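See structure below.
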Amino acid sequence: MLNKKSVDDINVKGKRVLVRCDFNVPLIDGKITDENRLVAALPTIKKLVADGGKVILCSHLGKPKGEPKPELSLAPVAVRLSELLGQEVKFAADSEVVGPNAKAAVDAMNDGDIVLLENTRYRAEETKNGEVFSKELASLCDVFVNDAFGTAHRAHCSNVGVTKYVDTAVVGYLMQKEIDFLGNAVENPERPFVAILGGSKVSSKISVIENLLDKVDTLIIGGGMCFTFSKAQGGSVGKSLLEEDYCQYALDMVEKAKAKGVKLLLPVDAVVADEFSNDANIKVVPQAEIPEGWMGLDIGPETAKLYAETVKTAKTVVWNGPMGCFEMPNFANGTETVAKALAETDAVTIIGGGDSAAAVNQLGYGDKMTHISTGGGASLEFLEGKELPGVAAANDK
Ligand code: AMP
């Protein structure tokens, strides 16, 4: 459980509260095309307004790379938030984020008012956790609330730097929910605990595999990284994704799993293609016998069945990374089968952001999962057992 102070542990009446939100929403021609992140931020904002705080919101949006880019302004977010909240969200249109508009707007606030600052990444120091911008942000507020899980694995001015200059720093409801679900699943799981890892490369999942082997009963591996395991164990992988340098590591992980009594499941068959295209020639072959000139782009049907059956035996399942190149319909079966198995089980199901979250939502299984993390990178680092800087910066209980 989270040992950090949250918005429930403080009194914000009459205080200026800076809230770091995740308003990184997709925009096309100034129109917000998916407002899930705005809706997800409402409970914390409403709570602070109801408690009589002067609520100053901030967020990044896209990658303006340290300079004002009108197409990445948060202005449309202020308009939509006003509608969603049924009260004015005053937009402080300063290209330097903390400028004359922001200062005047904050000075004029009454209890319960809301102001939104401009895109924090208009400032080059933001992603470098620079002191000047951190202090400027802190000068606007008495209390800081971090409710942006998506950036919690990064130390930036608006989520970490600012806390050095504010006495009270707590987490919001969204952040608390993420940490409670991910933390409980990993540290205190109902067993059997099964983790499913996919995605492209072993090299990017090393710390996750290592950390999870200490926690799970079964570790299932799919996606591009399984071919490094196959090759290491003497199989032929054709022209599948392979990281030769990680073959020894893969063998070490197989040994570690054995030593820990963890069941490590690797694919038994593969859907292979003669080129990286949905229109390629396709066949199913044993995992260890991928012919020269062919590449594995999805787990095979036997493997998908085996993985789905294993999910049925679990009481807790954590999933990160697709089982194949699911963006191409002919290689989506493995990912879809696993998603369906998770949707059908009564187990606690936690989806760790990014591609697996997108796959689950696209298939319409979103509401069947216990928790879908809003942060791909952050949830992965959480599964690696790392302390996230954005969480660490909040006051302890
Ligand atoms: P990651 O960002 O590491 O989670 O990787 C996600 C990407 O891995 C997706 O875009 C998938 O298309 C890709 N992927 C999954 N399986 C394979 C595979 N067998 N070969 C190549 N890429 C894959």
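The values are calculated or read from the model by the stated rules, or taken from the named source; none is laboratory data. This structure is a prediction, so every number in the text was calculated from the model and none was measured. Cβ coordinates were reconstructed from backbone atoms using ideal geometry, including for glycine residues, and neighbour counts include every protein chain displayed.
Scan segment 255-272 for residues that are more than 15 Å from the ligand (Cβ to nearest atom), in contact with a strand residue (DSSP E or B) (Cβ under 6 Å, 6 or more places away or on another chain) and within 13 Å of Phe229 (Cβ to Cβ) and report the count.
3
Looking at segment 1-40, which of its residues are under 14 Å from Val170 (Cα atoms), among the charged types (D, E, K, R) and exposed (fewer than 13 other Cβ atoms within 10 Å of the Cβ)?
Within segment 1-40, Asp8, Asp9 qualify.
Could you pull out the residue among Gly300, Gly366, Gly321 that is farther than 17 Å from Thr218 by Cα, crowded, with 18+ Cβ neighbours inside 10 Å and either touching a Phe, Trp or Tyr at 6+ places or on another chain (Cβ under 7 Å) or not charged (D, E, K, R) (or both)?
Exactly one residue qualifies, and that residue is Gly300.
Of the residues that make up segment 289-297, is at least one surrounded by fewer than 15 Cβ atoms within 10 Å (Cβ to Cβ), over 24 Å from Pro189 (Cβ atoms), within 16 Å of the ligand (Cβ to nearest atom) and without any contact (Cβ under 8 Å) to a residue 12 or more places away in the chain?
Checked segment 289-297: no residue is surrounded by fewer than 15 Cβ atoms within 10 Å (Cβ to Cβ), over 24 Å from Pro189 (Cβ atoms), within 16 Å of the ligand (Cβ to nearest atom) and without any contact (Cβ under 8 Å) to a residue 12 or more places away in the chain.
Among the helices (runs of 4 or more DSSP H) lying completely within segment 183-269, list those that include at least 2 residues that are modelled with pLDDT under 95.
The helices (runs of 4 or more DSSP H) meeting that bar are 206-213.
Applying the selection to segment 357-367, what residues are over 19 Å from Lys305 (Cβ atoms) and within 16 Å of the ligand (Cβ to nearest atom)?
Ala357, Ala358, Val360, Asn361, Gln362, listed by residue number.
Kindly list, by first and then second residue, each pair from a residue in segment 320-347 that is part of a loop (DSSP other than H, G, I, E, B) to a residue that is modelled with pLDDT of 95 or more and hydroxyl-bearing (Ser, Thr, Tyr), limited to pairs with Cβ atoms under 7 Å and residues at least 6 apart or on different chains.
Listed pairs, sorted by first residue: Pro322/Thr335; Met323/Thr335; Gly324/Thr335; Phe326/Thr335; Ala347/Thr316.
Going by what's in this entry, would Leu342 be described as more than 14 Å from the ligand (Cβ to nearest atom) and either in contact with a Phe, Trp or Tyr (Cβ under 7 Å, 6 or more places away or on another chain) or farther than 30 Å from Lys239 by Cα (or both)?
Details: more than 14 Å from the ligand (Cβ to nearest atom): yes; either in contact with a Phe, Trp or Tyr (Cβ under 7 Å, 6 or more places away or on another chain) or farther than 30 Å from Lys239 by Cα (or both): yes.
Yes; evaluated as a whole, the condition is true for this residue.
Kindly list, by first and then second residue, each pair from a residue in segment 124-146 that is closer than 21 Å to Asp107 by Cα and in a helix (DSSP H, G or I) to a residue that is basic (Lys, Arg) and modelled with pLDDT of 95 or more, limited to pairs with Cβ atoms under 8 Å and residues at least 6 apart or on different chains.
If the second residue must be basic (Lys, Arg) and modelled with pLDDT of 95 or more, the pairs left are Phe133/Arg123; Ser134/Lys164; Ala138/Lys164.
Looking only at segment 309-328, which residues are within 16 Å of the ligand (Cβ to nearest atom) and either in contact with a Gly (Cβ under 7 Å, 6 or more places away or on another chain) or under 16 Å from Met369 (Cα atoms) (or both)?
Val318, Trp319, Asn320, Gly321, Pro322, Met323, Gly324
Within the set of pairs 6 or more residues apart or between chains, which connect a residue that is under 16 Å from Val89 (Cα atoms) inside segment 26-55 to a residue that is in a helix (DSSP H, G or I) and among the β-branched types (Val, Ile, Thr) with Cβ atoms less than 7 Å apart?
Close Cβ pairs satisfying both conditions: Leu38/Val77; Thr44/Val7; Lys47/Val7; Leu48/Val7; Val55/Ile45; Val55/Val49.
Pick from segment 375-392 the residues that are surrounded by fewer than 21 Cβ atoms within 10 Å (Cβ to Cβ) and touching a helix residue (DSSP H, G or I) at 6+ places or on another chain (Cβ under 7 Å): which of them is nearest to Glu178 (Cα to Cα)?
Gly376
Scan (1) part of a helix (DSSP H, G or I); (2) modelled with pLDDT under 95 for the single condition Asp34 breaks and write down its number.
(1)
Exactly one condition in (1) in contact (Cβ under 8 Å) with a residue 60 or more places away in the chain; (2) away from the ligand (no atom under 12 Å from the Cβ); (3) of a type outside the set (Asp, Glu) is not met by Ala304; state its number.
Failing condition for Ala304: (1).
Taking the residues in segment 215-236 that are touching a Phe, Trp or Tyr at 6+ places or on another chain (Cβ under 8 Å) and within 12 Å of the ligand (Cβ to nearest atom) as candidates, determine which candidate is farthest from Glu255 (Cα to Cα).
Only one residue fits best here, namely Gly222.
Look through Asp94, Asp111 and report the one residue that is of a type in the set (Asp, Glu), surrounded by fewer than 23 Cβ atoms within 10 Å (Cβ to Cβ), touching a Lys or Arg at 6+ places or on another chain (Cβ under 7 Å) and over 24 Å from Gly353 (Cα atoms). Walk me through how you get there before you give the answer.
Working: Asp94 fails: touching a Lys or Arg at 6+ places or on another chain (Cβ under 7 Å).
The unique qualifying residue is Asp111.
Is one or more of the residues making up segment 273-284 within 12 Å of the ligand (Cβ to nearest atom), closer than 20 Å to Met328 by Cα and surrounded by fewer than 21 Cβ atoms within 10 Å (Cβ to Cβ)?
Step one: list which residues in segment 273-284 are within 12 Å of the ligand (Cβ to nearest atom), which gives 273, 276, 278.
Next cut, closer than 20 Å to Met328 by Cα only: 273, 276, 278.
Pick out the ones that are also surrounded by fewer than 21 Cβ atoms within 10 Å (Cβ to Cβ) and you get 276, 278.
Yes: one or more hits.
To keep it simple, each residue is scored yes or no on (1) under 12 Å from Gly385 (Cα atoms); (2) away from the ligand (no atom under 16 Å from the Cβ); (3) free of Cβ contacts under 8 Å to residues at least 24 places away in the same chain; (4) surrounded by 21 or more Cβ atoms within 10 Å (Cβ to Cβ).
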residue: Val170; (1), (2), (3), (4): no, yes, no, yes
residue: Val194; (1), (2), (3), (4): no, yes, no, yes
residue: Val202; (1), (2), (3), (4): no, no, no, yes
residue: Ser207; (1), (2), (3), (4): yes, no, no, no
residue: Leu213; (1), (2), (3), (4): yes, yes, no, no
